[in-house]
Amino acid sequence: MDIWKHGKYLDLWSLVHFLSGFVLCGLFYWLEFSFIWALIYSTILLSLWEVLEFVIKIIEPSVNVTIDIIVGLLGFFSAAWLYFLRIEFDVSLYFTVVGVTFILTLWGFLDFLKKGYR
């Protein structure tokens, strides 16, 4: 089973995009950005990531690119709900999510290098 294969809509990379949005929101919250600026910068960074994927020849269906950004923003809004509305910034939760995101990204990227785009 090829778990890192790109799907038309959602795939395991969608989890990485969700967690990335969560991480970005946490970072901007910790840096004391307002919600609006955190959203703007996160949207820009999530979009630039998709451009980087294109530049390094990870070509996905357009709908998957769009959904990756939307899923990343869902991760952002999940963190925003948590950090801006519910609890104080929890460093251990934040670094746990950062660690999981890093491990999944590294695993997927190494699989990409081994097998190429699928």
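Every number here is computed from the coordinates shown, using simple stated rules; none is lab data. None of the values given here were measured: they were computed from a predicted structure. Cβ sites come from the backbone with ideal geometry, for glycine too, and all protein chains shown count toward neighbours.
Full extension of the chain segment joining ASP111 with LYS5 gains 37.2 nm, where the gain is 0.36 nm per residue of separation less the Cα-Cα distance. In loop segments of the range 1-96 as defined by DSSP, the GluC sites (Glu not before Pro) with at most 15 further C-beta atoms inside 10 Å of their C-beta are GLU32, GLU88.
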